[in-house]
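Before any comments, here is the structure.
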Amino acid sequence: MNERNGAWGPVRRTFGCLALLLVLVVLPVGCVVRWWNKPIHEFAREMDDYGTLCGGREIPGAAEYTPGPGPHPIVVFGGERHSDAGRTDLHFYEDEAGEPFRSDDPGQIQLVACTEDIDVGERVGGCDFDSESVPLHRATVEVQVYEARTGEKVGDPVELVGEDDSCPVAVVYRGSLGRLYTVPTKEQYASALAGVVNG
């Protein structure tokens, strides 16, 4: 049969195959992208839920943040001391730092601070685990504050050189431990974030 009798020619068959391929490949990718951008939590039931914001997923039902006089309750994800193979995350909302830093009601949180390692400095000591000694290095971290509800950045990132050189009780790792890093103290975090928290 020819094209006049209803048969597809080579060009039409090629376009047909490409269109089918786009439907089979691009459509699922689009669905995955939309799924990835969708918030995991509409409302935070516990402080840990705000950790998703550090991965780019806001919490639409969080308390609204309006710049200006505070206090603006905050939860800080940081104080991470880790090996090259894994890490243990510590959450910072402690009584000593003042009320905005220690709210026990996830529904009050307006801001989320996320900590990232940006530089490793000199060795300042070592930590012993069973029969293995692990070097401890001075680390510099960057702390960025975000609106919990929208995920928008608040202010500029702040760099902190970790002053807490105590050894962790335990670390999570696979294989052999590489090295550990110092972390900022609670006082460092409180001082660095006071301007944003208090307005």
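The values are calculated or read from the model by the stated rules, or taken from the named source; none is laboratory data. Every value quoted in this text rests on a predicted model; they were computed, and no experiment measured them. Ideal geometry is used to build each Cβ from the backbone, glycine not excepted, and the neighbour counts take in all protein chains shown. Keep in mind that these areas ignore ligands, DNA and RNA; they rest on the heavy atoms of the full protein, side chains included. Shrake-Rupley method; radii C 1.70, N 1.55, O 1.52, S 1.80 Å.
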Legend entry - Neighbours by Cβ (under 7 Å, 6+ apart or cross-chain): first from segment 110-125, in a strand (DSSP E or B); second buried (at least 22 other Cβ atoms within 10 Å of the Cβ) and of a type in the set (D, E, K, R): Leu111/Glu147
Inset, instruction - Say whether the condition of being modelled with pLDDT of 90 or more, open to solvent by less than 60 Å² (accessible area, probe 1.4 Å), hydrophobic (A, V, I, L, M, F, W, C) and assigned to a strand (DSSP E or B) is met by at least one residue in segment 96-109. - result: no
Inset, instruction - Consider Ala148 carefully, then state whether it is buried (at least 19 other Cβ atoms within 10 Å of the Cβ), at pLDDT below 90 and either under 17 Å from the mean Cα position of the chain (by Cα) or within 24 Å of Ala44 (Cβ to Cβ) (or both). - result: no
Legend entry - Among (1) part of a loop (DSSP other than H, G, I, E, B); (2) closer than 29 Å to Glu64 by Cα, the one test that Gly178 misses: (2)
Inset, instruction - Give me the pairs, please: first residue somewhere in segment 50-73 and of a type in the set (Ser, Thr, Tyr), second residue anywhere and surrounded by 18 or more Cβ atoms within 10 Å (Cβ to Cβ) and not in a loop (DSSP other than H, G, I, E, B), beta-carbon distance under 8 Å, and either six or more positions apart or on two chains. - result: Tyr50/Val75; Tyr50/Phe77; Tyr50/Pro106; Tyr50/Val112; Tyr65/Leu111; Tyr65/Glu147; Tyr65/Val154
Inset, instruction - With the condition kept exactly as written, say whether any residue in segment 46-67 is within 16 Å of Asn198 (Cβ to Cβ), at pLDDT 85 or above and of a type in the set (Val, Ile, Thr). - result: yes
Inset, instruction - Six or more apart or on different chains, Cβ under 9 Å: which pairs go from a residue in segment 156-167 that's more than 15 Å from Ala113 (Cβ to Cβ) to one that's open to solvent by 50 Å² or more (accessible area, probe 1.4 Å) and outside any strand (DSSP E or B)? Could you list them? - result: Glu163/Glu187; Asp164/Lys186
